[in-house]
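Here's the structure we're looking at; comments come further down.
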Amino acid sequence: MTKSIIDEQRSAQAQLSNEEITRYSRHLIMPEVTIEGQRRLKAARVLCIGAGGLGSPAALYLAAGGVGTIGLVDFDEVDLTNLQRQILHGTKDVGRKKLESASERLRNLNPHIDLELHDCRFTSANAQDLVERYDVVVDGSDNFSTRYLSNDVCVWARKPNIYGSVFRFDGQSTVFAPHLAGPCYRCMFPEPPPAGTVPNCAEAGVLGILPGIIGMIQATEAIKLILGLGESLIGRLLLFDALKMKFREFNLRRDPLCPVCGENPTITSPIDYEEFCGTNTESVAAATALPTISVHELKQKIDAKTPMIILDVREPFEYEIARIENSKLIPLDELPDHLDELDPNAEIVALCHGGVRSARAVEFLRASGFARAINLAGGIDAWANEIDPAMPRY
Ligand SMILES: [Zn+2]
């Protein structure tokens, strides 16, 4: 059995009243949980970032299951378009603070738990302070800057960060915990996609039940870590496809060169995450200034059997999810050690997920004498979107 993230001293102090014993009886009769596990749940402190699509089911089940303290961070108000999936809130709550309606609903569900309401954005200024006070973080955010921020502060504070994201009919989840030998979000995605290339739920839509499923997976992982039960999703990325009703999983590896959790970290305090993920970053400008090719032009070249090397610089687990036929995989980090595998006279089309990592590869290749290296604009994601609709997207 894995070790609980709640130490025994703390769980021993969490006593259950007779009413709580009755309420949690279906837990208590399970030999894997018993009153000891329920005390651990009561002693536990879970921070939910966001009271939206993922945070709603997660917070409801954490509260129902008896997690003693739930922190909620949210600054937003309930909008009518939220109600298709954000089941913490009801029709009468439209226009109210999400924290108000969420706390009402959760207190009604379980008056024995403590709610800590943080009516603010989760930012570089407050993130470390907030995360320090909790045992585990359920990240229900819907944007890249918050995800990188919650990742980084959880790595520094040595707190497991339970990740979830949803897009249309697809969802994914994993647990980031370098202190428990797993990778972090930056090991998986070293760079955010170029701003504007990944639509959010408001732009692309999401099947309302999808965040329900993913948020409940996040809550399940939180409860398992607290109880010290089973195998966690640490080091495994779980992908869910609602249309095919299929779960797939991929092993994630820790990147020893990761700037946050690697052996020689270069980022040790919060950065400007808006700028890192934002619209005016120099890297995006530089990426668009490099010689590029569109996915349609690449398709024409492939169809015409034009000699070239299609160089995929993503990570192996990404390559496993989706790849262009006959492409050669060399992850960006490993490129300097594998230059001898590439013909300096060949045309090299570099690609990654969205075009940023491959832009770096093209810069590096050109500086190393590969004069015909070009970047695939939009990466494999644009390929899946515009050329091969059967290809899984992530
Ligand atoms: Zn990392």
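The values are calculated or read from the model by the stated rules, or taken from the named source; none is laboratory data. From a predicted model like this one, the values you see are computed outputs, not experimental measurements. Glycine also receives a Cβ, built like all others from the backbone with ideal geometry; neighbour counts cover every protein chain displayed. For accessibility, only protein heavy atoms count, side chains too; no ligands or nucleic acids. Shrake-Rupley method; radii C 1.70, N 1.55, O 1.52, S 1.80 Å.
Looking at (1) over 23 Å from the mean Cα position of the chain (by Cα); (2) open to solvent by less than 40 Å² (accessible area, probe 1.4 Å), which is the one condition that is false for residue 72?
Of (1) over 23 Å from the mean Cα position of the chain (by Cα); (2) open to solvent by less than 40 Å² (accessible area, probe 1.4 Å), only one is false for residue 72: (1).
Condition first: open to solvent by 30 Å² or more (accessible area, probe 1.4 Å) and not in a helix (DSSP H, G or I). Now tell me which residues in region 335-351 satisfy that.
If the condition is that a residue be open to solvent by 30 Å² or more (accessible area, probe 1.4 Å) and not in a helix (DSSP H, G or I), then 343, 344, 345 are the ones that fit.
So for region 210-225 (the condition being modelled with pLDDT under 95 and more than 16 Å from the ligand (Cβ to nearest atom)), does at least one residue qualify?
no
Within region 95-144, count every residue that is of a type in the set (Val, Ile, Thr) and within 23 Å of residue 21 (Cα to Cα).
Total meeting the criteria: 1.
Hey, does region 4-12 have a residue that's acidic (Asp, Glu), surrounded by fewer than 16 Cβ atoms within 10 Å (Cβ to Cβ) and over 18 Å from residue 150 (Cβ atoms)?
Looking for residues that are acidic (Asp, Glu), surrounded by fewer than 16 Cβ atoms within 10 Å (Cβ to Cβ) and over 18 Å from residue 150 (Cβ atoms), one finds at least one in region 4-12, hence yes.
Residue by residue through region 147-162, note down the ones that are out of contact with any strand residue (DSSP E or B) (no Cβ under 8 Å at 6 or more places or on another chain), more than 12 Å from the ligand (Cβ to nearest atom) and assigned to a helix (DSSP H, G or I).
Across region 147-162, the qualifying residues are 149, 153, 157.
If we keep just the residues of region 28-41 that are part of a helix (DSSP H, G or I) and more than 23 Å from residue 133 (Cα to Cα), which is most open to solvent (accessible area, probe 1.4 Å)?
So, considering only residues that are part of a helix (DSSP H, G or I) and more than 23 Å from residue 133 (Cα to Cα), the one most open to solvent (accessible area, probe 1.4 Å) is 35.
Could you check region 84-117 and list, in sequence order, the residues that are within 23 Å of the chain's Cα centre (by Cα) and farther than 19 Å from residue 46 by Cβ?
Those that are within 23 Å of the chain's Cα centre (by Cα) and farther than 19 Å from residue 46 by Cβ: 84, 85.
Could you grab me the full set of residues in region 310-322 that are charged (D, E, K, R) and modelled with pLDDT of 95 or more?
312
Is there any pair linking a residue in region 339-351 that is within 12 Å of residue 369 (Cβ to Cβ) to one that is open to solvent by less than 70 Å² (accessible area, probe 1.4 Å) and of a type in the set (Gly, Ala, Ser), with Cβ under 7 Å and at least six apart or on different chains, and which?
339/368; 344/369; 348/373
Return the pair list, or none, for Cβ contacts closer than 7 Å from residues in region 372-386 that are farther than 7 Å from residue 355 by Cα to residues that are acidic (Asp, Glu) and open to solvent by 20 Å² or more (accessible area, probe 1.4 Å), at least 6 apart or on different chains.
372/347
Looking at 363, 320 in this structure, which one is in contact with a Phe, Trp or Tyr (Cβ under 8 Å, 6 or more places away or on another chain), in contact (Cβ under 8 Å) with a residue 60 or more places away in the chain, assigned to a helix (DSSP H, G or I) and surrounded by fewer than 22 Cβ atoms within 10 Å (Cβ to Cβ)?
After applying the criteria, what remains is 320.
Taking residue 166 as the residue in question, decide whether it is surrounded by 24 or more Cβ atoms within 10 Å (Cβ to Cβ), in contact (Cβ under 8 Å) with a residue 24 or more places away in the chain, in contact with a strand residue (DSSP E or B) (Cβ under 9 Å, 6 or more places away or on another chain) and closer than 27 Å to residue 33 by Cα.
no
So the check is Cβ under 6 Å with 6+ separation or different chains; which pairs have a first residue in region 252-263 that's within 14 Å of residue 152 (Cβ to Cβ) and a second one that's more than 9 Å from the ligand (Cβ to nearest atom) and of a type in the set (Ser, Thr, Tyr)?
Going by the 6 Å Cβ cut-off, the qualifying pairs are 259/266.
What number of residues within region 366-394 satisfy the criterion of being part of a helix (DSSP H, G or I), modelled with pLDDT under 90 and within 27 Å of residue 171 (Cα to Cα)?
Of the residues in region 366-394, 2 are part of a helix (DSSP H, G or I), modelled with pLDDT under 90 and within 27 Å of residue 171 (Cα to Cα).
Anything in region 42-68 that is among the hydroxyl-bearing types (Ser, Thr, Tyr) and over 16 Å from residue 104 (Cβ atoms)? List them, or say none.
61
Kindly indicate the residue of region 163-190 that is part of a loop (DSSP other than H, G, I, E, B) and farther than 16 Å from residue 146 by Cβ and also nearest to the ligand (Cβ to nearest atom) among those meeting that condition.
183
Tally the residues that are closer than 25 Å to residue 5 by Cα, outside any loop (DSSP other than H, G, I, E, B) and open to solvent by 70 Å² or more (accessible area, probe 1.4 Å), restricting the search to region 230-259.
Number satisfying all stated conditions: 2.
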